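Beneath this line is the structure, given in structure tokens, with notes to follow.
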Amino acid sequence: MLAGARLSAAPVAVTTVDGRTVRGEVTSWTLSEGLTLSSGATVPCRDLDAIQGASGKGTTPTGAWIVELHDGSAMLGELAGGDDQHLLLRQSILGAMKISIDAIACVHRVDFSAKKIPPPGDEDVTILSSGDAPRGGIARFGRDELVITIHSGERVMAWKGVQAVVLARSNRQSLVAPSADVELADGSRLRAEKLNWRENRIKLSGSFGEATMRPDDVKRIELNGYRRVWLSDLAPARYECTPYLDKSWPLQVNANALGGPLVAQGQSYRRGIGLHAACKATWTLNGTYERFRSLVAMDDSAGELADADVIITLDGRKAVEHRGLAPRQTPRIVDLDVTGAKELTIEVGVGQHAHVQDRVDLLNAALMAP
């Protein structure tokens with residue numbers, strides 16, 4: 001440790017993907033270097049699971065808006081302006097943030113129910129307090145208004161009359177490099193592609209731009225893309241859905257089949273895949289991983305008629321079969337050896353009541369490298 005270096009205010013709890021816990025004060029850490037504690041203990045990044053912040057406590061959220069990004073980042077704050085390329089957000093912990101419009105998935109009021117936010121389509125959608133939802137490309141963001149381009153020209157709308165703005169769908173890319181999901185004390189989340197923790201200062205960068213904070217501002221940091229890779233960070237190689245009465249269901253990332261939160265037996269999960277019967281999704285493994293771990297459950301949003309079968313295959317060979325999955329059952333544990341496997345396929349089949357309400361969740365689904 002450098003002479004005179006200042007440590008974080010209190011010890012953090014460092015957990016590894018193998019279940020060990022180490023406590024101490026962080027002296028240095030980047031996503032390419034290992035984490036070093038004041039005790040002299042080091043943990044290689046590939047073995048890191050999470051770092052629980054010094055206090056582990058949150059602070060009262062401040063801000064009327066939430067800005068959600070395509071990479072899963074979500075920042076709470078006040079809209080402060082922008083232009084045709086960026087949105088300006090004033091965040092209580094991070095200060096002024098200049099966020100690229102291309103990175104934004106949705107902007108909505110804190111008190112606007114997530115259930116009322118439609119999934120992204122081919123056009124930007126603005127949801128107004130009046131109930132109208134005009135469609136058209138975002139031309140520019142301003143401090144007091146936003147401007148959209150519609151077939152008849154430009155339309156100016158004051159922010160005070162806006163509930164949410166949902167930007168057009170983006171081609172989701174698989175996570176190709178290690179990253180860190182940083183949860184701030186106010187509940188905001190940042191996916192950091194670069195992280196540099198030195199003494200009492202943490203610097204992050206990602207699709208949200210750049211940010212600097214103190215260790216006390218951080219509640220929790222989770223690592224992605226080393227030994228453990230979340231299945232929701234990998235785009236499937238193939239996805240097939242069998243429509244029911246002309247209704248098709250997309251594969252949902254970190255959301256249930258309806259696009260809402262993942263909840264099973266009253267417990268919420270941040271990570272997972274939402275599937276609706278009948279469907280089949282295949283991921284390419286290329287022999288890279290050692291194990292596949294997940295909880296499989298019927299989402300709490302499903303009704304009494306929900307009844308589905310889940311079959312997991314490796315390279316076309318059946319490995320796991322759970323039949324008669326129903327609401328309010330204890331999530332079923334999947335811990336599967338996938339050594340050498342080239343493909344992982346998860347199929348959700350209909351139960352006794354056809355496709356009705358069959359909303360299956362793969363919770364905390366993750367692939368583990370050796």
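The values are calculated or read from the model by the stated rules, or taken from the named source; none is laboratory data. Here the structure is a predicted model, which means the values were calculated and not measured. All Cβ positions, even for glycine, are placed from backbone atoms using ideal geometry, and neighbour counts span all protein chains on display. To get the accessible areas, we keep the full protein, side chains included, count just its heavy atoms, and leave off ligands, DNA and RNA. Shrake-Rupley method; radii C 1.70, N 1.55, O 1.52, S 1.80 Å.
Choose one of 152, 163, 48: the residue whose Cα lies farthest towards the positive end of the charge dipole of the chain (beta-carbon charges +1 Lys, Arg; -1 Asp, Glu; about the Cα centre).
The residue sitting most towards the positive pole is 48.
Charges only on Cβ, +1 for Lys and Arg, -1 for Asp and Glu: so what's the dipole of the stretch 216-370 about the Cα centre, in debye to the nearest 20?
Numbers: 18 positive and 20 negative charges, 56 e Å.
My answer is approximately 260 debye.
Using r as the Cβ-Cβ distance of residue 128 and residue 101, and R0 as 25 Å, what FRET efficiency do you calculate, to the nearest 0.05? Don't skip to the answer; put the middle values down first.
Details: r = 20 Å, r/R0 = 0.79.
FRET efficiency, residue 128 to residue 101: 0.80.
Rounded to the nearest 20 Debye, what is the dipole magnitude of the stretch 60-135 about its Cα centre when Lys and Arg each give +1 and Asp and Glu each give -1 at the C-beta?
Values: 6 positive and 11 negative charges, 70 e Å.
Its charge dipole is roughly 340 debye.
Could you check the spin-label model distance between residue 210 and residue 284? Points 7 Å from the Cα along Cα→Cβ, value in nm.
Roughly 3.5 nm, to one decimal.
Along Cα→Cβ, 7 Å out, is where each label goes; now give me the distance between the ones at residue 158 and residue 144 in nm to one decimal.
It works out to 0.8 nm between the two label points.
If you roll a 1.4 Å probe over the chain with all protein chains in place, what percent of the accessible area is carbon or sulfur? Working shown, then result.
Working: 8240 of 17410 Å².
For the chain, the apolar C and S fraction of the accessible surface comes to 47 percent.
Could you list log10 I(q)/I(0) for the stretch 132-290 at q = 0.18 Å⁻¹, which the Debye formula gives when each Cα is one point scatterer?
Reported log10 I(q)/I(0), two decimals: -1.26.
What distance in nm separates the simple spin-label points at residue 242 and residue 18, each placed 7 Å from Cα in the Cβ direction?
Placing both labels 7 Å along Cα→Cβ, they lie 4.4 nm apart.
Per residue, how much accessible area does the stretch 11-81 have with a 1.4 Å probe, in Å²? Before the final figure, lay out each step's value.
Working: 3020 Å² over 71 residues.
With the other protein chains kept in place, the stretch 11-81 gives 43 Å² per residue.
Could you tell me which of 136, 196, 230 has its Cα farthest along the dipole of the stretch 125-261 towards the positive end, charges placed at Cβ (Lys, Arg +1; Asp, Glu -1), taken about the Cα centre?
Value computed over the given set: 196.
Could you please state, rounded to a whole Å, how far the C-alpha centre of the stretch 222-280 is from the C-alpha centre of the stretch 90-129?
Distance between centres, Cα-based: 21 Å.
Hey, which lysines would be in cross-link range of residue 280, C-alpha to C-alpha under 19 Å, not counting anything within fewer than 8 residues on its own chain?
Once the sequence-local lysines are set aside, what remains near residue 280 is 247, 318, 342.
If each residue of separation counts as 0.36 nm, what is the full-extension length gain between residue 200 and residue 258 once their alpha-carbon separation is subtracted?
Separation in residues times 0.36 nm, less the Cα-Cα distance, equals 16.7 nm.
Around residue 163, under 11 Å between beta carbons, what's the net of Lys plus Arg minus Asp minus Glu among the other residues? Before the final figure, lay out the partial values.
Working: positive: 109, 116, 160; negative: 111, 132.
Here the count lands on +1.
For residue 149, what charge total do you get from the other residues with a beta carbon under 15 Å from its beta carbon, if Lys and Arg give +1 and Asp and Glu give -1?
Details: positive: 135, 140, 155; negative: 83, 84, 122, 123, 124, 145, 154.
Here the count lands on -4.
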